[in-house]
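Readers should treat all values here as calculations from the given coordinates under stated rules, not as data from a laboratory. Fair warning: this is a prediction, and the values are worked out from it, not measured in the lab. So basically every Cβ, Gly included, is an ideal-geometry build from the backbone, and we count neighbours across all protein chains shown.
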Amino acid sequence: MGAVILGTGSCLPEKILSNHDLGKIVDTNDEWILSRTGISTRRISGQGEATYQLGAAAARKAMEMAEVTVEEIDLIIVATMSAHMLMPSCACFIQKELGAVNAFAYDVNAACSGFLFALDNGDKFLRVEKGKKILIIGTETLSSRTNWEDRNTCILFGDGAGAVVAEYQDNERGVIASNLLSDGTLWNLLYMHTAPSCNPDLQLADNPGSHILMEGREVFKYAVKAMEGAIRDLLSRENVDMDSIDLMIPHQANIRILRKLVSRLGVKEEKVFINVQKYGNTSAASVPIALDEANREGRFKRGDLLLVCSFGGGFTWGASLLRW
Ligand code: COA
């Protein structure tokens, strides 16, 4: 049908930052963070855990599960907004790290929706280039893009990576369809500058540095509405009803966003995979990390119908349906 996932992998940095630890950095506390976000801990990268290194480690685990060698990989698509360099891409660094000599590689930036957009890219590539094998990776070190003095944002994010190996198969398995959307007019509700421009004419007076800025309440409202709309449209287009979904794997931004979304959709909570309490919002890495954990915990089996959805800066959002 479409891109069939042959293996999943993830990699989380060793260092754990608790809400209690954050209370020593900014004016906050465990009770506030937990009740507003559902997050207890997040992982923070140290040396040897750069964005591309986490991504490569996740990719190795996915290839191991898929029983695919690195030489068999034809394409590497990496979703990230926190690579350690703007150029070359994070994907090229991962290619080098893995020794994927037969692959071409590029990055996708759709903020927290990046993995869904990359999966759709990969799916469409495989439907044309049948017989190829690809790696799709979401990897982030948002700790490097967080203002550690801003309690509105620094409590939310974490580092990590997730990866999948995929190929086309002529059967009922794989990505069925995706519904991806963007609205650039809402960019200023969630954004991050680059380094200041070297061209004085293009310098922005209000560039405070390359870290995340957010209007939390607005983002919250849009996120719920947007993901609900994307999911309803996708399911109705594909003639699938909500009860046929075996497991929903949403972007892990905030437990309150997830609970509201799930209750509006009428999905039972036991059919939703949630790990935001452990890792916070890992942006483009959140869906593939959750997919890998759910896979390794045996939360779904061959033939199950999975629904993934995401929302992020841009705004970007969407949903995908997969037959495992
Ligand atoms: N600890 C303690 N108090 C905090 C705090 C923190 N970490 N962060 C903010 N506050 C304070 C605010 O200063 C404000 O105080 P005031 O009333 O004296 O001004 C109060 O708490 C309420 O702030 P508000 O921003 O209205 O809180 P909220 O209920 O909207 O929760 C978020 C804030 C960020 C948790 C919530 O808006 C949210 O989850 N938004 C979505 C964010 C997200 O998921 N973004 C990524 C999407 S991909």
>> Please go through the range 108-145 and give me each residue that is outside any helix (DSSP H, G or I) and either within 12 Å of the ligand (Cβ to nearest atom) or surrounded by fewer than 18 Cβ atoms within 10 Å (Cβ to Cβ) (or both), ordered by number.
In response: ALA110, GLU129, LYS130, GLY131, GLU140
> For the range 242-285, what are the residues that are part of a helix (DSSP H, G or I) and within 13 Å of the ligand (Cβ to nearest atom)?
Replying inline: ILE255, ARG256, ILE257, LEU258, ARG259, LYS260, LEU261, VAL276, SER283, ALA284, ALA285
>> Can you pull out every residue in the range 1-58 that is assigned to a loop (DSSP other than H, G, I, E, B), within 13 Å of the ligand (Cβ to nearest atom) and among the hydroxyl-bearing types (Ser, Thr, Tyr)?
In response: THR28
>> Whether any residue in the range 35-44 is more than 20 Å from HIS211 (Cα to Cα) and buried (at least 22 other Cβ atoms within 10 Å of the Cβ) is what I want to check.
In response: yes
> Under the condition of being loosely packed, with under 15 Cβ neighbours inside 10 Å and either assigned to a helix (DSSP H, G or I) or among the hydrophobic types (A, V, I, L, M, F, W, C) (or both), which residue from the range 203-215 is nearest to the chain's Cα centre (by Cα)?
Replying inline: LEU204
